[in-house]
């Protein structure tokens, strides 16, 4: 559950976005820009967290009144070397924050920190990651919390989709691109696994709200509605008209242990009662138009 | 030998009801509280708690009841009950400082042969730690139920007595008083009795949690829990009086206190109490059912909705709002206007910045986008579906406890949401069938 240190939203003095060039970081940057928030956007070009002396360069850029949005990650983490890379990046940020206290920190984490059998998942669900990706985020959450005296908020998105997604992972992003190319939209097996899909714009809005409220704690960036990959595929197909088809292909491996994942979004409703998450159909249309 | 005189120290819900039942059973009864204002009010016929039948019982037996704010008056009692309600914090933790002070004050007046009985809710180990003569010190389990306190005080199904030595016979005066209730008296060790109280509540919570869990499943698969629960009650292993009505989590404070005690004892002993954690988790989850329904049905489509809330008390027939689901809901309705009515609790108790206090249930519905019935007061059953439909601006009725007839509400063109069954969608002109 989030605790708001600002009961009413207050525009942060400045937000330093670490990882502003990525899919999520870019969306947060645009959201802050449109809200009139002063932003110091750090992409890998301005700050490569894996380079020597990165922590010192970051520390020089930070002001005590800054809010920091830490988004940067090499993801998804699939190997141990990738895990260690991400931890070194986290270590650099921790070192900078330890030397230069800031006002507030928001870390963009992942729902992969939760145990597979947490169902429905809430912010109070146990963190027991079953993947290297989840372990990376869980470790960085702890690292960052221990490195700073500033209030820290974790935003834990589930599967994110949006026009600019670079990963092309199984789900809305790949389905849309397949439809755009005129290829069949392919689902594994029956595509019956139900997942929650969140629009990247909503993740960015939640980050903005957390920054404005100077929140601390954890919040899941999820819609509370889980949809099967089959239904997502057909929703995308309908968007692209008669030519779009859905085809089943054999699974690349056994059916996933985690068949369905549901989220209870009550904490989000309480934290930001006026915020409305984008439904999947509407979000897919936004992504299709590339808005 | 004349009948013993029974004293009750601490005039809150438990003490007043217990004293009234004692007098009704024919005993001279002394009601003591150190707060003179409380005593003056009671002596003048003003009962500070809402409990059906209690004012009448006190009035009818007034000749046997004496009220006093003087501790020395307790010296004339043969049996003295320590009977105030023990306050709890938001986590269910008990504040025992008040009863410890009361026990000290009462013990100083205890006659040479008199018996002291701790009746209020104390954690295991409390009674044995008291520095009082063990052969005259007892703990008695209270099973007060808000809204049914008089009935339960007059006709307990059994009396559990915690003793220093359960093999020893109870003192004559205490035994004479207990036997008049005509139910089994079960002496046992202090700790067993203290845990028995918690065990009773854990069993109740288990039933409620089963009902809540399967009611939620019912909502998702097209079953109706109200059809299932009667079948369970006919099973002798479950029983007619089982708590199988789904609700909005635990409220009132007593059940929550006992779960918190179990969790604390687990921390001290290492016992596995994952089950009890699950009870607490489910309670929190179901408490927010109405909030989730409002967001899904109203807040997601209306920019400045008005919500009518019927009921603030944590249950019907009481003034108590301890852990009230209504107040828990209202805390998260801050951005919106709400109209409130409760037959007993004033609207100010909601502490909401945009509250309109209403004089009746139907007035509460007037111009609202949704009507939410958070306490199943009998008065609310008098609402007519067509009148509600006419009064509401919107078309959402959220009725967790099935106060209204859902089919009639849907027939009036409203959408009806309750615990344990799928929503009933009303058909409205110009809208497609749901």
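Derivation of every value follows stated rules applied to the coordinates shown; laboratory data play no part. It should be emphasised that the depicted structure is a prediction, and the values quoted were computed from it without experimental measurement. In this analysis, Cβ positions are derived from the backbone assuming ideal geometry, glycine residues included, and neighbour counts consider all displayed protein chains.
Taken over the stretch B:301-359, the alpha-carbon convex hull comes to 77 cubic angstrom per residue.
Note on residue B:236 and residue B:2: their simple-model spin labels are 5.0 nm apart, each label 7 Å out from Cα toward Cβ.
Computed from label points 7 Å out along Cα-Cβ, the spacing between residue A:126 and residue B:191 is 2.9 nm.
Between helix A:80-99 and chain A, what is the angle of the helix's C-alpha long axis to the longest principal axis, kept within 0 to 90° and rounded to the nearest 10? The two axes meet at around 30 degrees. Would any residue of the stretch B:247-285 have its amide N under 14 Å from a label point 7 Å out along Cα→Cβ of residue B:213? List them or say none. So the set is B:274-285.
Per-residue extension of 0.36 nm, minus the Cα-Cα distance of residue B:157 and residue B:113, leaves a gain of 13.0 nm for this segment. Here the relative contact order of chain A, from alpha carbon pairs under 8 Å that lie six or more residues apart, stands at 22 percent. Were the residues from residue B:405 through residue B:56 laid out at 0.36 nm apart, the gain over their Cα-Cα distance would be 122.4 nm. Normalising the average separation of contacting C-alpha pairs (under 8 angstrom, six or more residues apart) by the number of residues puts the relative contact order of the stretch B:198-285 at 37 percent. With each label modelled as a point 7 angstrom along the Cα→C-beta vector, the residue A:251-residue B:425 pair spans 3.3 nm. Over every Cα atom in chain A, the radius of gyration and the widest Cα-Cα span, Dmax, amount to 18.9, 59 Å.
Per residue, the average separation of C-alpha pairs within less than 8 Å and at least 6 apart gives chain B a relative contact order of 12 percent. Mean projected area of the Cα convex hull of the stretch B:288-417, taken over all directions, amounts to 6.6 nm². Counting other Cβ atoms within 10 Å as a rough exposure proxy, the listed residues B:243, B:416 run B:243, B:416 from fewest neighbours to most. When B:46, A:215, A:125 are arranged by Cβ crowding within 10 Å, least crowded first, meaning fewest neighbours, the order is B:46, A:125, A:215. Between the beta carbons of residue A:142 and residue B:334, assuming R0 = 22 Å, the FRET efficiency works out to 0.10 to the nearest 0.05.
Taking the fewest neighbouring Cβ atoms within 10 Å as the starting point, the ordered list for A:116, A:264, B:272, B:399 is B:272, A:116, A:264, B:399. In this structure, residue B:281 and residue A:167 have a Cβ-Cβ separation that, at R0 = 25 Å, corresponds to a calculated FRET efficiency of about 0.15.
Relative to the longest principal axis of the Cα atoms of chain B, helix B:254-269 runs at roughly 70 degrees.
The calculated FRET efficiency for the pair residue B:264 and residue B:243, based on their C-beta separation and a Förster distance of 22 Å, comes to about 0.40.
Mean partner shielding of peptide B:279-291, defined as the number of other chain Cβ atoms within 10 Å of each residue Cβ, is 2. Treating each Cα of chain B as an identical point scatterer and summing with the Debye formula, the log10 of I(q)/I(0) at q = 0.05, 0.06, 0.11 Å⁻¹ comes to -0.21, -0.29, -0.90.
Restricting to chain A, what percent of DSSP beta bridges are antiparallel, rounded to 5? Roughly 15 percent of the DSSP beta bridges within chain A come out antiparallel. Taking the longest Cα principal axis of chain A as reference, the axis of helix A:280-289 is set at about 80 degrees.
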